[in-house]
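Working notes, beginning with the structure itself.
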Amino acid sequence: MLQEYEPALSRLARSYARDEADRQDLMQDIAFALWKALPSFRNECSERTFVYRVAHNRGLSHRYRNATSALPLEAAAGVIDTGTAPDDAAQRNDRHTHLWHAVRQLPDGLQQAVVLRLEGLPDREIADVMGISENNVAVRLTRARKLLRRHLGEVEA
Amino acid sequence: MSHLPLDDWTRLSDEWRAQPRTDDVDQLRHRVRVQTKRLYAIVAVEVLLSIAAVIVIPAMLIRAPDLESRLLAGGLAIFTAVVWGFGVRSRRGIWRAAGDTLAAYRALERERLRRRIAGARFAWQVCVVALVPMLFLTARRITGSGPMSASALVTAGACIYLLAWIVGGRVIETRLARRVVPLSDDE
């Protein structure tokens, strides 16, 4: 199960973590939480929802425990700065980093919904994971989309 | 469902999921560091061999009993100088990344691979050039002094050594060239 969801959980963990070391700690935390929670999984939701729910809750606990707030985005990114190399790989990585920075700048509630949306979850599943209504998810995503458009638009300009 | 164009979230989602993993960055940094250490080791060996050549070749020239031996020593000196010059040129600009960026490390890795391929190609090509006079010399010594004479055995041994470098160089060049494609996929 971990192998299947590892890339997505890694990205999710990165959005809650301060830096690379913190992300690795959180990943271990999530893995342990999944291992503990798996025996109680009774297929009341999809496996994906179950995994994201556990990861999301661990991420929230982790963040509030560490009281992350205005952290250097470069440190939180866990990825070295892309620099100004003109080749395609640098431009692609610039877009990743800009998107990542834009997501990190969102308020917590919006960021969580956006990360789950970016991982491909529909509104209903996001609502399940976050424990809120589908309508609430739609409102958060609409607000987040406006902010993302502004952050990303500023960068592209 | 949230009201926004489907392709907006889809596009962002594709970008998001295509992020390079931070583990990949750490592995890339580690690979580059290992390559740098290997470069230092190669340079150290080349320096030692060059020092040995600087001592041995003049001694050969001074003690050479005939023209043939002097030509051999002269050829060895030229060979050493050419190889040393190529080595110095091929390592220019690849000692460190241009910056502490993902793109810079990847560019350095690609450039080092290209230089290694060029180095392997140079090695076997220069050995082909060196093999020709060496074969000629070996044939002369076999016909002149006999096949089991010390001088014939030395040059025959040198021919085998050069042949091994030619074959090995080609094999290394081919194997390294295959690695260029996966690295280029990053571009």
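The values are calculated or read from the model by the stated rules, or taken from the named source; none is laboratory data. Just so you know, these numbers come straight off a predicted model, no measurement behind them. Cβ coordinates were reconstructed from backbone atoms using ideal geometry, including for glycine residues, and neighbour counts include every protein chain displayed.
Taking only the range A:2-22 into account, find how many residues are under 14 Å from residue A:100 (Cα atoms) and among the aromatic types (Phe, Trp, Tyr).
Adding up the residues that qualify gives 1.
Scan the range B:136-152 and tell me whether some residue there is of a type outside the set (Phe, Trp, Tyr) and under 13 Å from the mean Cα position of the chain (by Cα).
As a first pass, look at the range B:136-152 and keep what is of a type outside the set (Phe, Trp, Tyr): B:137-152.
Now restrict to residues that are under 13 Å from the mean Cα position of the chain (by Cα): none.
Within the range B:136-152, not a single residue is of a type outside the set (Phe, Trp, Tyr) and under 13 Å from the mean Cα position of the chain (by Cα).
Go through B:138, B:143 for me and flag whichever is under 30 Å from residue B:71 (Cα atoms), surrounded by 15 or more Cβ atoms within 10 Å (Cβ to Cβ), without any contact (Cβ under 8 Å) to a residue 40 or more places away in the chain and polar (S, T, N, Q). It would help to see each step written out before you state the result.
Details: B:143 fails: surrounded by 15 or more Cβ atoms within 10 Å (Cβ to Cβ).
That would be B:138, the only listed residue that is under 30 Å from residue B:71 (Cα atoms), surrounded by 15 or more Cβ atoms within 10 Å (Cβ to Cβ), without any contact (Cβ under 8 Å) to a residue 40 or more places away in the chain and polar (S, T, N, Q).
What are the residues in the range A:19-47 that are assigned to a helix (DSSP H, G or I), within 25 Å of residue A:104 (Cα to Cα) and touching a residue at least 40 places away in the same chain (Cβ under 8 Å), if any?
Within the range A:19-47, A:20, A:22, A:23 qualify.
Take the residues of the range A:48-84 that are among the charged types (D, E, K, R) and buried (at least 19 other Cβ atoms within 10 Å of the Cβ): which is modelled with the highest pLDDT?
Residues of the range A:48-84 among the charged types (D, E, K, R): A:48, A:53, A:58, A:63, A:65, A:74, A:81.
Applying the additional criterion that residues be buried (at least 19 other Cβ atoms within 10 Å of the Cβ) yields A:58, A:63.
Values: A:58: 89, A:63: 80.
Per the criteria, the residue is A:58.
How many of the residues making up the range B:84-115 are surrounded by fewer than 17 Cβ atoms within 10 Å (Cβ to Cβ) and among the aliphatic types (A, V, I, L, M)?
Here the count works out to 2.
Take residue A:93 and tell me if it is at pLDDT below 85 and either within 14 Å of another protein chain (Cβ to nearest Cβ) or within 18 Å of residue A:118 (Cβ to Cβ) (or both). Write out each step before concluding.
Details: at pLDDT below 85: yes; either within 14 Å of another protein chain (Cβ to nearest Cβ) or within 18 Å of residue A:118 (Cβ to Cβ) (or both): yes.
Answer is yes for this residue.
Could you count how many residues in the range A:98-127 are surrounded by 19 or more Cβ atoms within 10 Å (Cβ to Cβ), outside any helix (DSSP H, G or I) and within 9 Å of chain B (Cβ to nearest Cβ)?
Number of matching residues: 1.
Quick check on this structure: which one of B:120, B:158 is outside any loop (DSSP other than H, G, I, E, B) and surrounded by 19 or more Cβ atoms within 10 Å (Cβ to Cβ)? Lay out the reasoning, then the answer.
Details: B:158 fails: surrounded by 19 or more Cβ atoms within 10 Å (Cβ to Cβ).
Going through B:120, B:158 in turn, the sole match is B:120.
Restricting to the range B:72-101, what's the tally of residues that are assigned to a helix (DSSP H, G or I) and either touching a Lys or Arg at 6+ places or on another chain (Cβ under 7 Å) or free of Cβ contacts under 8 Å to residues at least 12 places away in the same chain (or both)? Show your work before the answer.
Taking the range B:72-101 first, the residues assigned to a helix (DSSP H, G or I) are B:72-90.
Still in the list and also either touching a Lys or Arg at 6+ places or on another chain (Cβ under 7 Å) or free of Cβ contacts under 8 Å to residues at least 12 places away in the same chain (or both): B:78, B:81, B:85, B:88-90.
Qualifying residue count, the range B:72-101: 6.
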